Structure formats: C-alpha cells, structure tokens
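Have a look at the structure below before the remarks.
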Amino acid sequence: MVLHIYAVRHGQTYFNRYNRLQGWSNSPLTPSGLSDAERAGHKLEDVAFQAAYSSDTTRAQVTAQRIIDLNQASEPKPALRCAMNFREQFYGYFEGQDMGMAWWAAGAPHGAKSYQEIVERYGLGATRDFLKEADPFHDAESDQEYWQRVEAGFRLLGRDETLADGDKVLLVWHGNSLLSLMHRFAPEGYDLSERPANGSVTVFDYDPEAPFDQAVEVSSYNQ
C-alpha cells in the first residue's frame, strides 16, 4: 500500500518572525501566517483527501483546519486528527531562544558556529545531538529520540483502517521536520540550504509496509 502525502508547513508564527526556536512551544500565527494557511488551502483545494493529520501544536491545527475548510474536492471533508508524534523536534532549554545564539551554543564546542555549519560538517542529525549536549537539563531531543517519535507517527498513518492504496493524506507539519525528512530520504536534487517556506507543500509517497528507511519517496519539495 502506498499513501500520497501532501505535507504542508504551518503558517508563520510570531516566533518564526522573531527568529526564535519553536519546537513543542507555541506562538500564534501572525497575519502573514493566516495568509500562508489561506494560500496553501487554495493551492490544495482541488485535491481529494481521504484523511487529514497534523501535529497537535496550535499553529499546525489552525493551518490544517483552514486548508480543510477551503477544500472543494474531498467528499466528505476529512476530520482533522492530531498527534504529538508529528510535533517539531523538542529544543528543551533552548525553546524560545534566538536561533543564532542557540545554534552557536550547540555548535561552538565542535568548531561550528551556526546551524548550517553543523549540517555541512557533521550532518543534520548532529544538530539535535549537539543541542541536547549543550542543554544544561539535557531535555532537548537527540536524533534517535526524535526519529523514534516521528516513525511512530507514520505507523499511525499505516494503521489507519479508513485508508487504502493510493489514498491522499494531508499532513500539516513543521519546517525542521520537513527538512529532516528531505535530508534522510532525498538529499540530492533539491535545495536544502534553507527550511521550507511557511505554507509550502512537499509531496511524497509513504509505504507503511516497507522498512522505514525505504518507506518514503519524495515527489516535490517546498512548492
């Protein structure tokens, strides 16, 4: 069975605007963020979704519900299902802090002064491991902890008895999570130098019967 996933990054929030880390913490959508959700809704209004999922963060739920409300092709319109497994990574002590300062704290002990420098020298997974190491409480998720939670979220999709082969699923997700998915499954052929834009759409196929490392095939990114 293959599911066609339309993954949307939530609309802009105030923490996005202020360049602050926002994982499990929440800030409201800005007026621009509401427009992001509206734009994504119109972009997907002719896609017939059989299911709709999102992170249980408010910013994802608001974005997802606006997309569902604007959808013209789904009959009936799917009820939104929320799961903590689809939350952004947890930044622990660094939640709400300036991104530049937080990534300097994580990377500087390893000779990398920014998020991008960590990724280029050590790989994206190291950004999580280095941040957990720098967290005085060690509450931030490690790369292994993050993927264990996210993979469990995808298993929820696979166990959804309302879905059949070829069905389309809306998933409203988060920027770093989408970037992480791309680094893991489609590291070549796409510009991964920046996170996907708020309200952008990334399309991929998910095969719940395959081992997870072979379960995702990306069709388009950050559209």
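The values are calculated or read from the model by the stated rules, or taken from the named source; none is laboratory data. Just so it is clear, the model here is predicted, and its values are computed rather than measured. Backbone-built Cβ (ideal geometry, glycine too); neighbour counts: all protein chains shown. Side chains are part of the model used for accessible areas, which takes the heavy atoms of the whole protein and leaves out ligands, DNA and RNA. Shrake-Rupley method; radii C 1.70, N 1.55, O 1.52, S 1.80 Å.
Mind checking the full-extension length gain between Ala197 and Ala152? Use 0.36 nm per residue of separation minus the Cα-Cα distance, one decimal, nm. Please report the intermediate quantities before stating the final value.
Working: separation 45, 0.36 × 45 = 16.20 nm, distance 2.53 nm.
Here the segment from Ala197 to Ala152 would lengthen by 13.7 nm.
In the stretch 37-165, taking the dipole from charged Cβ atoms about the Cα centre, the farthest positive-side position among Thr58, Ser114, Leu157 is held by Thr58. Compactness ratio for the stretch 114-223: Cα radius of gyration over 2.2 N^0.38 Å (N = residue count) comes to 1.14.
Per-atom-type breakdown for the chain gives carbon and sulfur 48% of the accessible area (1.4 Å probe, protein chains only).
Proximity of backbone amide H atoms, modeled 1.01 Å from N, is registered between Tyr53 and Arg81, Leu170, Leu171, Val172 at under 5 Å, excluding neighbours fewer than 5 places apart on the same chain. The charge dipole of the chain, taken about the Cα centre with unit charges on the Cβ atoms of Lys, Arg (+1) and Asp, Glu (-1), comes to about 640 debye, rounded to the nearest 20.
Add -39500 (n - 2.57) for each DSSP H run of 4 or more in the chain, then divide by its residues: what number comes out at 222 nm, to the nearest 500 deg cm²/dmol?
On the way: 8 runs with 85 residues, N = 223.
The per-residue figure over the chain is -11500 deg cm²/dmol.
Within the shell of other residues whose beta carbon sits under 14 angstrom from the beta carbon of Leu29, the net charge comes to +3, with Lys and Arg scored +1 and Asp and Glu -1.
With 24 Å as the cut-off, how large is the P(r) tail for the chain, expressed as percent of Cα-Cα pairs?
Roughly 41 percent, rounded to a whole number.
For an R0 of 45 angstrom, estimate the FRET efficiency from the Cβ-Cβ distance between Asp98 and Asp205 and round to the nearest 0.05. Result of the calculation: an efficiency of 0.75. Remark: the stretch 1-64 is approximated by an ellipsoid whose semi-axes, taken from the C-alpha gyration tensor as √(5λ), come to 23, 14, 9 Å, largest first.
Looking at the stretch 104-145, the accessible area is 51 square angstrom per residue; that uses a 1.4 Å probe and ignores ligands, DNA and RNA.
Short to long, the 5 Å bins of the Cα pair-distance histogram for the stretch 76-160 hold 3, 15, 21, 20, 14, 9, 8, 5, 3, 1, 0 percent of all pairs.
Charge tally for Leu179 (other residues, Cβ to Cβ under 9 Å; Lys, Arg +1; Asp, Glu -1): 0. Across the options Asn85, Leu181, Gly100, the greatest Cα extent toward the positive end of the charge dipole of the chain (unit charges at beta carbon of Lys, Arg, Asp, Glu) belongs to Gly100. Charged side chains reduced to their Cβ positions (Lys and Arg at +1, Asp and Glu at -1) give the stretch 31-109 a dipole of some 100 debye around its Cα centre.
The slack in the chain from Ala83 to Phe212, taken as 0.36 nm per residue of separation less the alpha-carbon distance, amounts to 44.6 nm.
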